[in-house]
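The values are calculated or read from the model by the stated rules, or taken from the named source; none is laboratory data. The structure displayed is predicted, hence computed values, not measured ones. We place every Cβ from the backbone using ideal geometry, glycine too, and count neighbours over all the protein chains shown. Note: areas computed on protein heavy atoms with side chains; ligands, DNA, RNA excluded. Shrake-Rupley method; radii C 1.70, N 1.55, O 1.52, S 1.80 Å.
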Amino acid sequence: MNRFSMIALAGLAATSTLAMAQTTPGTTPTTTQAQPMAGQTATTTTAATPAAATGTIADAAMANPKLSTLVTAVKAADLATTLSGPGPFTVFAPENEAFTRLAPGTLDTLLKPENKPTLTKVLTYHVVPGKVTLEQLRAQMKAGGGKATLTTVEGSPLTVTEEGAAIALVDASGNKSYVAQPDVMASNGVVHVVNGVVVPKLAPATSTSGS
């Protein structure tokens with residue numbers, strides 16, 4: 001791993017939020033990630049009649065132009081084959097705009113071949129074993145007094161809570177992402193499109209000194 005990448009990832013891990021900054025030209029980035037966008041008001045999530053599954057989760061992502069950045073990341077992490085496998089999986093898929101709210105340079109750094117393990121860790125934090133529909137998520141939250149804890153493929157927990165009619169994902173550092181489009185059915189699971197990137201706890205990069 002080159003020195004730039006080590007420094008960048010060390011900084012990301014130190015914040016444990018992958019520097020989730022929402023940036024506006026001419027302003028200083030904040031550390032608040034994936035709050036409801038203007039006019040979105042916490043993304044009211046309603047269950048539509050699920051369309052019949054016509055392909056795998058990987059196929060569904062590739063067919064959705066709003067998920068092209070995610071597809072690029074999945075290919076870089078060599079996860080496309082996994083997401084085309086039997087599963088079943090539940091994928092919380094960040095739309096393209098979610099990646100634009102990462103700190104500048106974060107995505108480019110993650111896509112470097114030497115940072116594949118970290119990219120894989122972040123992406124698999126968005127995947128839950130089994131098929132969990134919006135209705136099932138709501139049932140789990142009701143049983144849990146308003147929240148449910150999902151164990152991701154990455155291994156860390158992801159909390160799901162209700163905010164009125166909206167469904168929020170809360171990551172390991174308390175940052176939120178909201179479900180924008182639920183129940184995109186696939187032959188090997190289900191995709192819920194979300195408006196932010198959730199991040200597990202990342203260990204600080206090991207620094208080397210001297211020679």
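Of the heavy-atom accessible surface of region 89-195 (probe 1.4 angstrom), what whole percent is carbon and sulfur?
Carbon plus sulfur share of accessible area: 54 percent.
Looking at region 55-113, which chymotrypsin sites (Phe, Trp or Tyr not before Pro) are DSSP coil and have at most 13 other C-beta atoms within 10 Å of their C-beta?
Working: sites: Phe89, Phe92, Phe99; in loops: none.
Listed in order of number, the matching sites amount to none.
Calculate, in nm to one decimal, what Thr72 and Glu162 gain on full extension: separation in residues at 0.36 nm each, minus their alpha carbon distance. Provide the component values of the computation, followed by the final result.
Numbers: separation 90, 0.36 × 90 = 32.40 nm, distance 3.04 nm.
Residue separation times 0.36 nm, minus the Cα-Cα distance, leaves 29.4 nm.
Given points 7 Å out from each Cα along the Cα-Cβ axis, report the Ser187 to Ala63 separation in nanometres with one decimal.
Output for this residue pair reads 1.1 nm.
Could you give the radius of gyration (one decimal) and Dmax (whole number) of the Cα atoms in region 108-162, in Å?
Considering region 108-162 through its Cα atoms, Rg and Dmax are 14.2, 42 Å.
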